[in-house]
Amino acid sequence: MWFCVRGRRKNRKQSRLPSRARGLFDCSCVLQIEEEMSGIQEALKTIRNSIPKSVRLVAVSKTKPASAVLAAYDAGQRVFGENYVQELVDKAPVLPKDIQWHFIGHLQSNKAKSIVEIPNLQCVESVDREKVADALQKACEKANRPLLDVMIQVNTSGEDTKSGCDPSHAENLVRHVLDTCPALRVKGLMTIGSPNPSPPNRDFELLRTLRNQCQVTFAGRVCDLELSMGMSHDFVLAIENGSTNVRVGSSIFGNRVYTESSNTSSSDSDHFSSNVPAN
Ligand SMILES: *Cc1c(COP(=O)(O)O)cnc(C)c1O
């Protein structure tokens, strides 16, 4: 929210200040940045206090600068999520190496190599087809890196705009990774779900059912499979439905502002930005 405030304030200042007052303006910019950083830390603390310790909080920093990531890092956050390959490739090298990066966006198989080369990429949550799993496997072999955690992304809401495999295909995709991708470790299932869930949330329930089925089908071959579900607007409900991994962006970092130059190197569109005004 403070990002909106900042945007407005800045414009007003810019139009009011004569150029000789530039020095003053720069000074107030510094103050605004400090305000933003403490805003991020406050928001993070509030969210952390509202989720159980057993649930992993992935702080989704897409479109936000490295300084914002650092503010959260300084407040103890270590797991961050990114949506766009180029953004992750740019940010990871300039940020602390003990950050655990989760890639949560649509992945084109020809981009697998660029993210796998990031040593502290911990998990790709968005594996939604065999081709992507194969590309990650191949890239991991080449990069000679430790096992890469992956989650199978399932399109539980059936919306055309959402990525993810068809629910009926999830088990096959898990089997494919287990049988043919030894450099990958199946960590769980991930979903986005419909933007306006009201309890009971069928998308979350569906993902949990699929997880339970996989746990039986692949008993002994998988560990306790996780559920990655829940974002800013629905993480509380997701946790009630058994989520072990919530991906929270705007509630921590403020609303995202998209400019024409901001990302995206791939053909991804951010279908979440359109969810925000809908609420
Ligand atoms: C952007 C994004 C999020 C975070 O969304 P917020 O509503 O900002 O919390 C979570 N998951 C995925 C896959 C995303 O792309």
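The values are calculated or read from the model by the stated rules, or taken from the named source; none is laboratory data. Given the structure is predicted, the values throughout are model-derived calculations rather than measurements. Methodologically, a virtual Cβ is constructed for each residue, glycine included, from the backbone with ideal geometry; neighbour enumeration extends over all protein chains shown.
Given the condition at pLDDT below 95, surrounded by 13 or more Cβ atoms within 10 Å (Cβ to Cβ) and either under 17 Å from the mean Cα position of the chain (by Cα) or part of a helix (DSSP H, G or I) (or both), answer yes or no: does some residue in segment 90-100 qualify? Before the answer, list the steps.
Looking only at segment 90-100, we keep the residues that are at pLDDT below 95, and these are none.
So far as segment 90-100 goes, no, none of its residues is at pLDDT below 95, surrounded by 13 or more Cβ atoms within 10 Å (Cβ to Cβ) and either under 17 Å from the mean Cα position of the chain (by Cα) or part of a helix (DSSP H, G or I) (or both).
When you go through Leu184, Leu237 one by one, which is the residue that is among the aliphatic types (A, V, I, L, M), farther than 16 Å from Val150 by Cα and either at pLDDT below 95 or touching a Leu at 6+ places or on another chain (Cβ under 6 Å) (or both)? Spell out the reasoning first.
Numbers: Leu184 fails: farther than 16 Å from Val150 by Cα.
Among Leu184, Leu237, only Leu237 is among the aliphatic types (A, V, I, L, M), farther than 16 Å from Val150 by Cα and either at pLDDT below 95 or touching a Leu at 6+ places or on another chain (Cβ under 6 Å) (or both).
Before we move on, is Ile115 in a helix (DSSP H, G or I) and buried (at least 18 other Cβ atoms within 10 Å of the Cβ)?
So Ile115 passes the test.
Read through the list (1) touching a residue at least 40 places away in the same chain (Cβ under 8 Å); (2) crowded, with 23+ Cβ neighbours inside 10 Å; (3) hydrophobic (A, V, I, L, M, F, W, C), then give the number of the only condition that Val79 fails.
(2)
Could you check segment 52-67 and list, in sequence order, the residues that are among the hydrophobic types (A, V, I, L, M, F, W, C) and more than 13 Å from the ligand (Cβ to nearest atom)?
Here is the first cut: in segment 52-67, the ones among the hydrophobic types (A, V, I, L, M, F, W, C) are 55, 57-60, 66.
Passing the criteria: Val55, Ala66.
When segment 131-165 is examined, which residues are found to be in contact (Cβ under 8 Å) with a residue 60 or more places away in the chain and surrounded by 15 or more Cβ atoms within 10 Å (Cβ to Cβ)? Working first, answer last.
The first filter runs over segment 131-165 and keeps only residues in contact (Cβ under 8 Å) with a residue 60 or more places away in the chain, leaving 151, 161-162.
Listed by number, the residues that qualify are Met151, Lys162.
Please specify each residue of segment 1-55 satisfying the condition of being modelled with pLDDT of 80 or more, exposed (fewer than 10 other Cβ atoms within 10 Å of the Cβ) and outside any helix (DSSP H, G or I).
Across segment 1-55, the qualifying residues are Pro52, Lys53, Ser54.
Just checking, how many residues over segment 118-131 are closer than 22 Å to Leu178 by Cα and either outside any strand (DSSP E or B) or over 15 Å from the mean Cα position of the chain (by Cα) (or both)? Can you show your working first?
Step one: filter segment 118-131 for residues closer than 22 Å to Leu178 by Cα, giving 121-131.
Within this subset, residues satisfying the condition of being either outside any strand (DSSP E or B) or over 15 Å from the mean Cα position of the chain (by Cα) (or both) are 128-131.
Residues meeting the conditions: 4.
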